Amino acid sequence: MNEAKIALVTGANKGIGYEIAAGLGALGWTVGVGARDEQRRETAVAKLRAAGVDAFGVPLDVTDDASVTAAATLVSERAGRLDALVNNAGVTGGMPQQPTTVDLAAVRTAVETNVIGVLRVTNAMLPLLRRSASPRIVNMSSGVGSLTRQAGSLDERDTGPLSAAYSPSKTMLNAVTVQYAKELRDTGILINLACPGFVATDLNKFRGTRTPEQGAAIAVRLATLPDGGPTGGYFEDAGEIPW
């Protein structure tokens with residue numbers, strides 16, 4: 001069995017996911033690069049390896065049961081266990097998303113990837129995480145999933161644009177993560193939510209003000225929490241986010 005710490009990062013071929021993989025790799029972790037697109041996945045793996053990271057590709061579509069099952073088998077065969085799972089893959093569902101006119105397909109797409117996909121991947125990887133001495137799960141959320149922030153401001157700088165799909169999907173992910181933390185509270189598995197901030201990625205047409213590397217930092221920190229660290233929390237660089 002590989003003695004290095006093992007992580008799987010979903011949606012790791014670009015943007016924040018890639019930088020999470022790079023950040024963990026820089027700490028000496030072996031990193032599985034989960035991604036649907038073969039060419040982008042292998043390009044990311046090659047780039048990470050060139051930077052000295054022990055990286056390997058994991059074909060992974062979080063919306064597909066067979067793909068997720070195959071990914072778990074691959075990680076098991078490659079590494080034997082999993083020390084950290086970072087559920088980073090996410091979609092907006094398509095814009096605009098004013099509640100009165102939103103395409104319901106956009107809502108389904110956002111929930112399928114951002115919530116059900118996390119459930120699907122997490123449950124498939126739990127047997128591997130249970131083999132770790134210090135298992136960690138990080139779910140990539142967003143500050144726009146905070147009901148406190150949404151209800152307390154009309155400023156899009158605080159809340160993002162009107163969103164009947166993406167923001168509510170992150171709110172639901174937050175709620176699901178709390179339920180995981182309650183169920184897993186006596187197992188040693190720490191599961192937390194990370195907000196990367198307003199990062200310039202293709203998700204927002206590169207309008208963000210932070211770099212992917214900056215956005216990845218909170219996920220790397222939560223993936224490497226010491227034993228006894230927080231679980232069921234909602235964090236950004238500045239600290240805890242109000243629910």
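None of the figures in this text is laboratory data; all of them are computed from the coordinates on show. The structure displayed is predicted, hence computed values, not measured ones. Heads up, the Cβs are rebuilt from the backbone with ideal geometry, glycines too, and the neighbour counts pull from every protein chain shown.
If I model a spin label as a point 7 Å beyond the Cα along the Cα-Cβ vector, how far apart are those points for Arg49 and Met95 in nm?
So the label points at Arg49 and Met95 sit 3.7 nm apart.
Sort out the exposed loop trypsin sites (Lys or Arg not before Pro) in the chain (DSSP loop, at most 10 other Cβ within 10 Å) and tell me the longest stretch that has none.
Longest gap between qualifying sites, sites excluded: 1-204.
Per residue and in cubic angstrom, what volume does the convex hull of the Cα atoms of the stretch 1-52 have? Before the final figure, lay out the partial values.
Numbers: hull volume 3.7 nm³, N = 52.
Residue-normalised Cα hull volume stands at 71 Å³.
Which percent, to the nearest 5, of DSSP beta bridges fully inside the chain are antiparallel? Please list the in-between numbers first.
Values: 2 of 29 bridges.
The antiparallel fraction comes to roughly 5 percent.
Explain nothing, just compute: Karplus ³J(HN,Hα) = 6.51 cos²θ - 1.76 cosθ + 1.60, θ = phi - 60°, for every residue of the stretch 46-53 in order, whole Hz, x for Gly and Pro.
Karplus-based 3J(HN,Hα) across the stretch 46-53 equals 4, 5, 5, 5, 5, 8, x, 8 Hz.
Once all Cα-Cα distances of the stretch 6-240 are split into 5 Å bins that start at 0, what whole-number percent is in each one?
Spelled out bin by bin, the stretch 6-240 gives 1, 7, 15, 20, 22, 17, 11, 5, 2, 0 percent.
Using alpha-carbon pairs under 8 Å, 6+ residues apart, how would you state the relative contact order of the chain in percent?
Details: 503 pairs, mean separation 45.9, N = 243.
After rounding, I find 19 percent.
Enumerate the calculated ³J(HN,Hα) couplings along the stretch 29-45 in order (Karplus 6.51 cos²θ - 1.76 cosθ + 1.60, θ = phi - 60°), each rounded to whole Hz, writing x wherever the residue is Gly or Pro.
With coefficients 6.51, -1.76 and 1.60, one gets 6, 8, 10, x, 8, x, 6, 6, 7, 4, 5, 5, 4, 6, 5, 5, 4 Hz.
Give the residue from Ala12, Ser67, Phe56 lying farthest towards the positive end of the charge dipole for the stretch 6-240; charges sit on Cβ (+1 for Lys and Arg, -1 for Asp and Glu) and the dipole is referred to the Cα centre.
Phe56
Residue by residue through the stretch 13-28, what is 3J(HN,Hα) from phi via Karplus (6.51 cos²θ - 1.76 cosθ + 1.60, θ = phi - 60°)? Round to whole Hz and write x for glycine and proline.
7, 7, x, 4, x, 4, 5, 5, 4, 5, x, 5, x, 5, 8, x
Working from Cα positions, state the angle (0 to 90°, nearest 10) between the long axis of helix 117-129 and the longest principal axis of the chain.
The two axes meet at around 30 degrees.
So how strong a dipole does the chain carry about its Cα centre when Lys and Arg Cβ are +1 and Asp and Glu Cβ are -1, to the nearest 20 debye? Working shown, then result.
Working: 23 positive and 24 negative charges, 29 e Å.
Roughly 140 debye for the chain.
Can you put Val86, Val118, Val220 in order of Cβ neighbours within 10 angstrom, beginning with the fewest?
Ranked by crowding around the Cβ, least crowded first: Val220, Val118, Val86.
Taking neighbour Cβ counts within 10 Å as the exposure measure, how do Glu42, Glu19 sort from fewest upward? Working shown, then result.
Numbers: Glu42 14, Glu19 24.
The order, fewest Cβ neighbours first, is Glu42, Glu19.
Lys170: which aspartates and glutamates have alpha carbons under 12 Å from its alpha carbon, excluding same-chain residues fewer than 8 sequence positions away?
The qualifying aspartates and glutamates are Glu112.
What is the distance, in nm, between label points placed 7 Å from the Cα along the Cα-to-Cβ direction at Arg108 and at Gln39?
It works out to 3.0 nm between the two label points.
Work from the charge dipole of the stretch 6-240 (Cβ charges, +1 for Lys and Arg, -1 for Asp and Glu, about the Cα centre) and give the residue of Leu119, Leu27, Ala175 farthest towards its positive end.
Farthest along the dipole direction, towards plus: Leu27.
With charges only on Cβ, +1 for K and R and -1 for D and E, what is the dipole size of the stretch 27-134 about its Cα centre, in debye, rounded to 20? If you can, show how the numbers build up before the last one.
Working: 11 positive and 11 negative charges, 65 e Å.
Computed about the Cα centre, the dipole is about 320 debye.
Rounded to the nearest 0.05, what FRET efficiency do Arg131 and Arg157 have when you use their Cβ-Cβ distance and R0 = 51 Å? Could the numbers behind the result be given before it?
Details: r = 43 Å, r/R0 = 0.85.
In this case the efficiency is close to 0.70.
Under 8 Å for C-alpha pairs, at least 6 residues apart: give me the relative contact order for the stretch 94-179, rounded to a whole percent. Numbers along the way, then the final one.
Values: 68 pairs, mean separation 38.6, N = 86.
Relative CO of the stretch 94-179 lands at 45 percent.
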